[in-house]
Amino acid sequence: MSRLGRLRSESRAASLAFLRRRTAVFFTFFFPLIIVVIFGVLVQTRPGGGGLFTEPPAYYAPGYLAVVVLFTPLSRVGSEVARHRDGNRFEKLATTPLTRPEWLLAQTLVNVVIIGLAGIVLLGLMVALTGAQIRPSPLLVPFVVLGVALFCGVGAMLGSLADSQDGVISASNGIAIPLLFLSETFVPPSLLPGWLPTWLSPLTYFSRGVRAATTGTGDSLLPLAVLTACAVVGFLVGARLLPRTD
């Protein structure tokens with residue numbers, strides 16, 4: 001079987017595995033929508049009013065997208081690696097031509113499609129419910145793809161290093177929640193301490209790039225370059241740490 005054939009078969013298997021888990025479908029598609037309703041409709045933004053949510057609604061598009069780009073790959077890929085490890089599935093995969101990088105690439109491709117669909121629904125709901133002035137550019141696509149690839153790699157690291165599936169979920173939440181609120185997503189830099197190194201977070205560059213790609217303000221090329229480097233390193237390290245069976 002060719003490499004393309006191996007990727008196609010593994011991607012199809014990963015897609016069916018996702019659809020069979022109703023909890024995963026709910027948290028991928030509906031949980032972010034609940035966040036939009038709570039913050040965008042009930043709390044609402046108050047430009048110039050002081051405190052949180054004082055920016056125009058479109059400013060928070062990166063934050064809402066980060067909910068799925070960050071949480072879904074960390075938990076899904078991490079849990080999948082842990083399940084494969086506990087069920088000795090990597091030993092079975094070792095008897096096939098499928099390599100570890102190919103396995104992780106197939107998981108990443110599935111997550112890109114799933115999160116891409118969720119992101120379209122999310123942005124559409126933002127426009128419909130909050131009146132956000134979103135003008136997406138083609139650069140939005142690579143930012144989402146690279147963000148998913150990066151956190152799929154990190155999820156593979158967590159799944160390889162954690163001692164159980166519960167450990168993966170705890171670790172992914174422990175990483176994702178601080179990143180979500182300290183990476184120029186929902187909280188503007190002006191409200192964060194000056195000493196906080198938000199530039200160390202790869203999600204910061206995702207946020208800056210997505211904000212530039214959806215509002216037309218700010219630089220997008222530097223964030224794209226940094227996020228590309230982070231995604232490549234994260235994917236390679238994640239593939240390297242997958243359980244060895246040889």
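The values are calculated or read from the model by the stated rules, or taken from the named source; none is laboratory data. What you see is a predicted model, and the numbers here were worked out from it, not measured in a lab. Ideal geometry is used to build each Cβ from the backbone, glycine not excepted, and the neighbour counts take in all protein chains shown. Each accessible area value is taken on the protein alone, full model and side chains, heavy atoms only, with ligands, DNA and RNA left out. Shrake-Rupley method; radii C 1.70, N 1.55, O 1.52, S 1.80 Å.
With a ≥ b ≥ c the root eigenvalues of the C-alpha gyration tensor of the chain, is it rounded (a/c under 1.5), prolate (a/b larger than b/c) or oblate?
prolate
Where the accessible area of region 87-246 is counted over protein heavy atoms with a 1.4 Å probe, how much of it, in %, is carbon and sulfur?
Taking all protein chains in place, region 87-246 shows 70 percent carbon and sulfur surface.
Give, as a single signed number, the net charge of other residues whose beta carbon lies under 9 Å from the beta carbon of Glu184, with Lys and Arg counted +1 and Asp and Glu -1.
+2
For the residue pair Lys92 and Asp166, what label-to-label distance in nm results when each label sits 7 Å from Cα along the Cα-to-beta-carbon direction?
2.5 nm
Sum up the charges of everything whose Cβ sits under 11 Å from the Cβ of Ala24, counting Lys and Arg as +1 and Asp and Glu as -1, but leave Ala24 out.
Surrounding charge for Ala24 is +3.
Find out how many positive minus negative residues lie around Leu109, taking Lys and Arg as positive, Asp and Glu as negative, among other residues whose Cβ is under 14 Å from that of Leu109.
+2
Round to the nearest 10 and report in Å² the accessible area of Ser75, as given by a 1.4 Å probe over the protein chains' heavy atoms.
Roll a 1.4 Å probe over it and Ser75 shows about 40 Å².
Hey, can you find the accessible area per residue of the chain for me, probe 1.4 Å, expressed in square angstrom?
With the other protein chains kept in place, the chain gives 48 Å² per residue.
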